[in-house]
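Before any comments, here is the structure.
The values are calculated or read from the model by the stated rules, or taken from the named source; none is laboratory data. Note that the structure is a prediction, hence the values are computed from the model and not measured. Cβ coordinates were reconstructed from backbone atoms using ideal geometry, including for glycine residues, and neighbour counts include every protein chain displayed.
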Amino acid sequence: MSIFSIATSGLSAASLRVNVAASNVANVRTTGPLPASDGSSASTVSGTSGIAPTFPAAYVPLRVDQVSQSSDSTPGGTIATVSTVSPSYFAQSDPGAAVANQDGLVAAPNVDIANEFVQLAAAKYSFIANAKVLQAYAETEKSLLDVTA
């Protein structure tokens, strides 16, 4: 694999990391009903009209898992995949919420804001480093062409 493809895989991974962290931060307050104890979705809450309204589930936070793409002796960049955080929610007290259960609890996304900002900073520096690699690669190619001309 070339230096160019290794650096671009790093750029893609950094970009994905920014998108996931931004989504998690933007949805940190997107709560939903607590799932039932048997694991089924308790997405209905009794209304005053006798009809049980349906509410969407709480936001499921995401994370980026990044692993080396290299084989035995050939460096190959990185692969970044998105998966869900487990556990994806925690019970939070919000008795005034329409989705609160009889105990006043809702499912809140398990998002650690401090960790999300660390992920953003790491993605920023990873992006900068990989961009510098591409810049150095381009400058080396240009000087190589100048020498042979």
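Things worth noting here:
- Looking only at residues in segment 91-118 that are in contact with a Pro (Cβ under 6 Å, 6 or more places away or on another chain) and of a type in the set (Val, Ile, Thr), the one that is nearest to Pro35 (Cα to Cα) is Val99.
- Residues in segment 79-96 that are surrounded by 13 or more Cβ atoms within 10 Å (Cβ to Cβ) and either at pLDDT below 95 or within 14 Å of the chain's Cα centre (by Cα) (or both): Ile79, Ala80, Val82, Val85, Ser88.
- Any hit, segment 108-125, residues being assigned to a strand (DSSP E or B), within 25 Å of the chain's Cα centre (by Cα) and modelled with pLDDT of 95 or more: yes
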